[in-house]
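Visitor: Sending over a structure as structure tokens; questions will come in a sec.
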Amino acid sequence: MKLSPLVYLLGTVSFLMDVASEMVYPLLPLFLASLGAGTGTIGLVEGVAEATASLFKVVGGRLSDRMGARKPLLLLGYGLPGLLRPLLALATGPGQVLLYRFLDRVGKGLRTAPRDALLAESVPQEALGRAYGLHRGMDTLGATVGPLLAFLLLPHLGVRGVFWASAVPALLALLVLLGLREGRRASSRPTPLPPLRPSAMPPAYRRFLLVSSVFALALSSNAFLLLRLKDLGLSEGEVTLAYTAYNLLYALLSYPLGSLADRIGLRRVVALGFALYALVYLGFAWAYSPFLGVAFLLLYALYSAAFEGASRAYLATLVPQEAKASAIGLYHTVVGILLLPASLLFGLLWEHGSAPLAFAAGAGLALLALFLFLLDGKKPPAYPG
């Protein structure tokens, strides 16, 4: 069964935007450190950024369902970050970087739920794993190209020059998005929306939201993985290359693992993702050499490829069509709010305790989420994409 051209268009847009974002992302923690920020401050910046994106996901999803359209929110969500690069390139203190991350994540928040809903609406349920897997693969391929471009440009342009250059793929993503044409199903006005609260959603959705909330407390920013690699002895350039390898492996594995999820069940692959995350964080807690650090980062790519696509596809089966974007947005908002205390706590555990302590705490929470997920063995009712 062929996937809809819409899946490939959205994948192309995500590819270009991730090129732009990931030219910046691996340099941000190092840039913040050069501006005098400690790990606690870096945790605060990243936590605020991710929590902001998640808060606006419910806004974008609700507005999209009310409008009966996805494209306007996508244009706003992808367009805003492309215009913000000068704010970062001219930053002279951590506060300005925080402002950039806040505004950039507003755009991400507005676009995520409408985009995920549009993906779910463009394919039949039996192809959800492949559709989300392909999208995550193209998205992550951009996240592979971005750090590699940053690595190549860094000696010639410097950190700030790389930040300026990242505006080019961001604006290209917006141009590609202008060619999107919504199908009748996404653009027609939906039936009256249910109240926007967990209690109004199906029981299977609420159970998964609870499990994911526990898991979110383990989800510290990837910036800490990069700092851990530097702590183990890698240079800034080597950290960027390692992150490039992570994203390349993530991109290559996403579609095959999405197809696997369609064959063996989305729920099994989600459970595998919880287990892999715990294993990776235990590995980062015990790692004593750069080689082990890079090895566990590559294992983290397997987790990302297995979990990110499968969990989004699984979530899409738990909610009815008339509230799909709202429910996806609410889920990401509730989970994302918890990323602020998660990243802040992780940074403080590292700063006032040790890196192994912080990573071990994250692994413990991931194992708790896995236990709760397996404890609820009921098969959820499936709603069509």
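Visitor: Rounded to the nearest 500, what is the 222 nm mean residue ellipticity of the chain from helices alone, with -39500 (n - 2.57) per DSSP H run of 4+ residues and division by all residues?
Guide: Calculated mean residue ellipticity at 222 nm is -26500 deg cm²/dmol.
Visitor: Order by neighbour count: His352, His332, fewest other Cβ atoms within 10 Å first, most last. Don't skip to the end; give the middle numbers.
Guide: Values: His352 11, His332 25.
Ascending number of Cβ neighbours within 10 Å: His352, His332.
Visitor: If you rank Ser64, Ser34 by fewest surrounding Cβ atoms within 10 Å, what's the result?
Guide: Lowest to highest Cβ neighbour count: Ser34, Ser64.
Visitor: Next question, about the same structure. Under 13 Å from a point 7 Å along the Cα-to-Cβ line of Asp231: which residues of segment 292-307 have their amide N that close?
Guide: So the set is 293.
Visitor: Of the chain, which part is the longest with no trypsin sites (Lys or Arg not before Pro) in a loop (DSSP not H, G, I, E, B) and with at most 11 other C-beta atoms within 10 angstrom?
Guide: The longest such stretch corresponds to 182-377.
Visitor: Moving on. Over segment 5-375, what is the relative contact order in percent, taking alpha-carbon pairs closer than 8 angstrom and at least six residues apart?
Guide: Numbers: 678 pairs, mean separation 117.6, N = 371.
32 percent.
Visitor: Here's something else I'd like to know. Quick one: Val59, Val13, Val214, fewest Cβ neighbours within 10 Å first, how do they rank?
Guide: Numbers: Val59 16, Val13 27, Val214 19.
With the fewest neighbours first, Val59, Val13, Val214 line up as Val59, Val214, Val13.
Visitor: Work out, in µm²/s and without decimals, the Stokes-Einstein translational diffusion coefficient of the chain at 37 °C, 0.692 mPa s, Rh from Kirkwood over C-alpha pairs. Please list the in-between numbers first.
Guide: Values: Rh = 20.7 Å.
Calculated translational D: 159 µm²/s.
Visitor: Can you name the helices of the chain, as whole DSSP H runs, whose Cα span along the helix axis is 27 Å or more and whose Kyte-Doolittle mean is not below 0.0?
Guide: Values: long enough: 5-24 (29 Å, 1.39); 39-67 (42 Å, 0.47); 94-121 (40 Å, -0.10); 128-165 (42 Å, 0.75); 236-264 (41 Å, 0.46); 266-286 (31 Å, 1.48); 290-316 (39 Å, 1.19); 355-375 (30 Å, 2.33).
Helices meeting the span and hydropathy rule in the chain are 5-24, 39-67, 128-165, 236-264, 266-286, 290-316, 355-375.
Visitor: Can I ask one more? Count neighbours as other Cβ atoms within 10 Å of each site's Cβ, and list the GluC sites (Glu not before Pro) in segment 1-105 that are DSSP loop with at most 13 such neighbours.
Guide: On the way: sites: Glu22, Glu46, Glu50; in loops: none.
Counting only loop positions with at most 13 other Cβ atoms within 10 Å, none of the GluC sites (Glu not before Pro) in segment 1-105 qualifies.
Visitor: Another one. For a Förster distance of 30 Å, can you work out the FRET efficiency between the beta-carbons of Leu180 and Gln125, rounded to the nearest 0.05?
Guide: Between Leu180 and Gln125 the formula returns 0.85.
Visitor: Have a look at segment 201-300 and give its Rg and Dmax from the Cα atoms, expressed in angstrom.
Guide: Over segment 201-300's Cα set, Rg and Dmax evaluate to 15.7, 49 Å.
No value in this document is a laboratory result; all are computed from the given coordinates. Keep in mind that what you see is a predicted model, and the values were worked out from it rather than measured. Glycine also receives a Cβ, built like all others from the backbone with ideal geometry; neighbour counts cover every protein chain displayed.
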